[in-house]
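Accompanying notes for the structure given below.
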Amino acid sequence: MAIELKEGERLDDLQRNGYRIIQKEGKFCFGMDAVLLSVFARVKPGETVLDLGTGTGIIPILLEAKTQGRHFTGLEIFPESADMARRSVALNGLEERIAIVQGDIKEAGSLFAPASFDVITSNPPYMTGKHGLTNPDPEKAAARHELLCTLEDVVRAAAYLARTGGRFYMVHRPFRLAEIIRTLSQYHMEPKRMRMVHPYADREPNLVLIESVRGGRPRMTVERPLIVFEEPGKYTEEVRTVYGF
């Protein structure tokens, strides 16, 4: 399907099923964290998925390509990003499989029925207002700092919208891991799997992937670390496989 690009927009090849995604120069574009989350998340045949804070729709599109889920929804607060996500969905002919909803994570409970999804995913802002410099671009700032929603807002929404036994997958920063686990437990989302992501084998992790289950029993598996680079500029074989190189 032919889709007209707006000023400053570009098409990026996702290396999956011939899918492409619309992104805009100078705006927040998806990174490795979103790609790794789409690999870490497990979606069973026939399941429904909601991505909280979907941006330009990268996670629903990748999950549709990689899994046999029945339907995928992305929730995004910014109109411009939601518009790009919808046009990317149309570009790839996925209108019957993916829906993009414009709205606020804090109001997700009024946008969707409770316990209506099997799987929830999110690549939320990592930094509180006290961490680092805030980008002058509102969308970039909101993607990186908790200006429009907090970790608790995201977990609360996931707990409300996941069915009992439903799974919540999130990528975040390891320095907030204790807070993440406390918040998940507070909302009865039991941590079940965790994987640390290291830039190099001898460096500290800079990302953590975590799966929790609504109403799950206490027991968590810590998976082997994921190493991104063998050496500067050279991805490990696992990461090359993730990207389809």
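Computed quantities for the displayed model
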{"item": "Label-point separation in nm, ALA65 to SER110, each point 7 Å along Cα→Cβ", "result": "3.6"}
{"item": "Beta bridge orientation in the chain: antiparallel %, DSSP, nearest 5", "result": "45"}
{"item": "Linear extension gain, ARG176 paired with LYS44, 0.36 nm per residue minus alpha-carbon span", "result": "44.6 nm"}
{"item": "Within the chain, helix-based [θ] at 222 nm, where runs of 4 or more DSSP H residues each add -39,500 (n - 2.57), nearest 500", "result": "-8000 deg cm²/dmol"}
{"item": "Residue-by-residue Karplus 3J(HN,Hα) for region 12-19, coefficients 6.51, -1.76, 1.60, Hz, glycine and proline x", "result": "10, 7, 8, 6, 9, 6, x, 6"}
{"item": "Those residues of region 177-218 whose amide nitrogen sits under 14 Å from the label point placed on LYS234, 7 Å along Cα→Cβ", "result": "201"}
{"item": "Equivalent ellipsoid dimensions for the chain as semi-axes, Å, which come from the Cα gyration tensor, largest first", "result": "25, 22, 19"}
{"item": "Computed log₁₀ I(q)/I(0) - Debye formula, equal Cα scatterers, no solvent, region 182-243, q 0.12, 0.25, 0.29 Å⁻¹", "result": "-0.39, -0.96, -1.14"}
{"item": "Highest to lowest packing among 90-100, 111-121, scored as the average C-beta count within 10 Å", "result": "111-121, 90-100"}
{"item": "Dipole of the chain [Lys/Arg +1, Asp/Glu -1 at C-beta], most positive-end residue of MET189, ASN92, ALA201", "result": "MET189"}
{"item": "Ascending count of other beta-carbon atoms within 10 Å, so fewest first, for HIS71, HIS188", "result": "HIS188, HIS71"}
{"item": "Other-chain or far-sequence residues with amide H under 5 Å of LYS192's (modelled H)", "result": "GLU211, SER212, VAL213"}
{"item": "Residues THR241 and ALA90, FRET efficiency given R0 of 35 Å [Cβ-Cβ distance, rounded to 0.05]", "result": "0.75"}
{"item": "Amide hydrogen neighbours beyond the local backbone of PHE28, cut-off 5 Å, H modeled", "result": "LYS140"}
{"item": "Linear extension gain, ARG224 paired with ALA201, 0.36 nm per residue minus alpha-carbon span", "result": "7.1 nm"}
{"item": "For region 184-199, 3J(HN,Hα) per residue [Karplus equation, 6.51 cos²θ - 1.76 cosθ + 1.60, θ = phi - 60°, Hz, x = Gly/Pro]", "result": "4, 5, 4, 9, 6, 9, 7, x, 10, 9, 8, 9, 8, 10, 10, x"}
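Values quoted throughout were computed directly from the atomic coordinates according to the rules given, and no laboratory measurement underlies them. Note that the structure is predicted; figures quoted are calculated from it, not measured. Please note: Cβ atoms are built from the backbone with ideal geometry, for glycine as well, and neighbour counts cover all protein chains shown.
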